[in-house]
Amino acid sequence: MASGFGYQGGSSRCFPFWQEFSKCYASTDNPGLCRAQADDYLECLHRGQEVARAKAVKAEFVKKAEHQAHEGRKAADILADGVIVGVGLIQREQTEPSKAH
């Protein structure tokens, strides 16, 4: 733990997690009971689970795009349907290809 101050003053983003861990660690005879607080603090510092979740979302997006590309859709259309962080609230309308007479 450094000073506890953020770059622009005030407390850092992980300082509340550090305080919870520190309070637990100081008040117990068995430090193993503070594992949850320690995990929360380390996740805040390194964001390991957040990065893993983002990679999983990206992999699923790429897998879906590849599957749709095999069905004959253009890559630009696939990418225009949404981005990785899209929640699917707005759906593009599917247009039927024009028929030549």
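Since every read-out is calculated from the coordinates, none of them should be taken as a lab result. This structure is a prediction, so every number in the text was calculated from the model and none was measured. A quick note on method: Cβ atoms are made from the backbone with ideal geometry, for glycine too, and the neighbour counts reach across all protein chains shown.
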**OP:** For K58 paired with Q8, estimate the spin-label separation in nm (one decimal), with each label point 7 Å from Cα along the Cα-to-Cβ line.
**Re:** 2.6 nm
Original post:
Of the listed peptides 63-69, 23-29, 38-44, what is their order by residue-averaged count of other C-beta atoms within 10 Å, with the highest listed first?
Top reply: 38-44, 63-69, 23-29
Subject >> Footprinting exposure proxy for S12, S22 (fewest neighbouring C-beta atoms within 10 Å first) >> reply: S22, S12
